[in-house]
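Down below is the structure, laid out as structure tokens.
The values are calculated or read from the model by the stated rules, or taken from the named source; none is laboratory data. Computed from a predicted model, the values in this text were never measured in an experiment. Don't worry about glycine lacking a Cβ; one is built from the backbone with ideal geometry, like all the others, and counts go over all protein chains shown. Each accessible area value is taken on the protein alone, full model and side chains, heavy atoms only, with ligands, DNA and RNA left out. Shrake-Rupley method; radii C 1.70, N 1.55, O 1.52, S 1.80 Å.
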Amino acid sequence: PEPLFKGPRAIANTLAKGGYIIYMRHGRTQYDQIELERTHRNNGSFDLDKCQTQRQLSDAGRAELRAAGTQFRQTGIPLDRLYSSRYCRAVESAAFFVDSAVPTDMLSGEGQVGKDPAQKARTLSFFSLRPAPGKNHFMMAHGGIFWEATGFSVQEAHAVVLDPTNLKVIVARIGPEEWGAVAQMRSR
């Protein structure tokens, strides 16, 4: 579906009012490490606390996130709770945008969400938590968990804004290169 709000002014004004979830997907990764992560999963050595068992951000991904994160911070968007997946690529991605995002298992479930109806219900309940009045929640995680829970896609380093009271509607979509324009609208 088409987002309710498009363009930097509409997005800036909407997020300034608060009440939304800014769900971002981690930055671009080193695709040659997909097999590395799969191998660690298959042999039982995969560990969320050991980055060397996971696919990592690429240098290009870090550069894109650094620029987007700097612009995001300039928006002054009011934030309440800050979350990330426990995966190293999500924790690292979140650090470009916010300080002290809390890594949580609720955003780390990937394929479990689609296979386990109870996990999907818990994820949707987590997405439905309302921010404090006038503020927004920030979440940095993965495309898979987002798709499995909502049916919506999100590209690497992109954001989808959702209303926690109606997760069937996309409020806005924001590419990494668009945060600067949103920041300019917020400073006016």
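Name the pairs: first residue in the range 160-173 and in contact (Cβ under 8 Å) with a residue 40 or more places away in the chain, second residue surrounded by 17 or more Cβ atoms within 10 Å (Cβ to Cβ) and of a type in the set (Lys, Arg), Cβ to Cβ under 6 Å, at least 6 apart or on different chains?
From the range 160-173, the pairs are Val160/Arg173.
Those residues that are touching a residue at least 40 places away in the same chain (Cβ under 8 Å), out of contact with any Phe, Trp or Tyr (no Cβ under 7 Å at 6 or more places or on another chain) and assigned to a helix (DSSP H, G or I), I need them from the range 137-156; list them, please.
Gly143, Ile145, listed by residue number.
Within the range 66-76, does at least one residue satisfy the condition of being among the hydroxyl-bearing types (Ser, Thr, Tyr) and either part of a loop (DSSP other than H, G, I, E, B) or at pLDDT 95 or above (or both)? Explain how you work it out, then say what you get.
Kept after step one, since they are among the hydroxyl-bearing types (Ser, Thr, Tyr), are these residues of the range 66-76: 70, 75.
Now narrow it down to the ones that are either part of a loop (DSSP other than H, G, I, E, B) or at pLDDT 95 or above (or both): 70, 75.
Yes: the range 66-76 contains one or more residues that are among the hydroxyl-bearing types (Ser, Thr, Tyr) and either part of a loop (DSSP other than H, G, I, E, B) or at pLDDT 95 or above (or both).
Against the conditions (1) hydrophobic (A, V, I, L, M, F, W, C); (2) open to solvent by 50 Å² or more (accessible area, probe 1.4 Å); (3) outside any loop (DSSP other than H, G, I, E, B), where does Ala16 fall short? Just the number, please.
(2)
Yes or no: Ala141 under 22 Å from Gln155 (Cβ atoms) and open to solvent by less than 50 Å² (accessible area, probe 1.4 Å)?
Working: under 22 Å from Gln155 (Cβ atoms): yes; open to solvent by less than 50 Å² (accessible area, probe 1.4 Å): yes.
The answer is yes for Ala141.
So which of Ala172, Ala159, Ala94, Ala90 is in contact with a Phe, Trp or Tyr (Cβ under 7 Å, 6 or more places away or on another chain), within 30 Å of Gln52 (Cβ to Cβ) and either surrounded by 21 or more Cβ atoms within 10 Å (Cβ to Cβ) or at pLDDT below 95 (or both)? Outline the logic, then answer.
Working: Ala172 fails: within 30 Å of Gln52 (Cβ to Cβ); Ala94 fails: in contact with a Phe, Trp or Tyr (Cβ under 7 Å, 6 or more places away or on another chain); Ala90 fails: in contact with a Phe, Trp or Tyr (Cβ under 7 Å, 6 or more places away or on another chain).
The conditions single out Ala159.
Could you list all residues from the range 125-164 that are β-branched (Val, Ile, Thr) and touching a Lys or Arg at 6+ places or on another chain (Cβ under 9 Å)?
Restricting attention to the range 125-164, the residues satisfying the condition of being β-branched (Val, Ile, Thr) are 145, 150, 154, 160-161.
Answer for the range 125-164, where residues must be β-branched (Val, Ile, Thr) and touching a Lys or Arg at 6+ places or on another chain (Cβ under 9 Å): Thr150, Val154, Val160, Val161.
Among the candidates Pro133, Pro164, which residue alone is farther than 25 Å from Cys51 by Cα and in contact with a Gly (Cβ under 7 Å, 6 or more places away or on another chain)? Steps first, answer last, please.
Working: Pro164 fails: in contact with a Gly (Cβ under 7 Å, 6 or more places away or on another chain).
Among Pro133, Pro164, only Pro133 is farther than 25 Å from Cys51 by Cα and in contact with a Gly (Cβ under 7 Å, 6 or more places away or on another chain).
So which of Gly134, Gly109 is touching a helix residue (DSSP H, G or I) at 6+ places or on another chain (Cβ under 9 Å), part of a loop (DSSP other than H, G, I, E, B) and at positive phi? So that I can check it myself, show each step before the final result.
Working: Gly109 fails: at positive phi.
Answer to the selection: Gly134.
Confirm whether Tyr31 is within 25 Å of Ala172 (Cβ to Cβ) and among the aromatic types (Phe, Trp, Tyr). Can you show your working first?
Details: within 25 Å of Ala172 (Cβ to Cβ): no; among the aromatic types (Phe, Trp, Tyr): yes.
Considered against the rule, which asks whether it is within 25 Å of Ala172 (Cβ to Cβ) and among the aromatic types (Phe, Trp, Tyr), Tyr31 comes out as no.
Within the range 23-38, track down each residue that is among the aliphatic types (A, V, I, L, M) and either modelled with pLDDT under 85 or within 18 Å of the chain's Cα centre (by Cα) (or both).
Within the range 23-38, Met24, Ile34 meet the criteria.
Sort out which residues of the range 105-138 are hydroxyl-bearing (Ser, Thr, Tyr), open to solvent by less than 60 Å² (accessible area, probe 1.4 Å) and closer than 16 Å to Ile22 by Cα, and write them in order of number.
Start the filter on the range 105-138 by keeping residues that are hydroxyl-bearing (Ser, Thr, Tyr), which leaves 108, 123, 125, 128.
Retained after the next criterion (residues that are open to solvent by less than 60 Å² (accessible area, probe 1.4 Å)): 108, 123, 128.
The answer is Thr123, Ser128.
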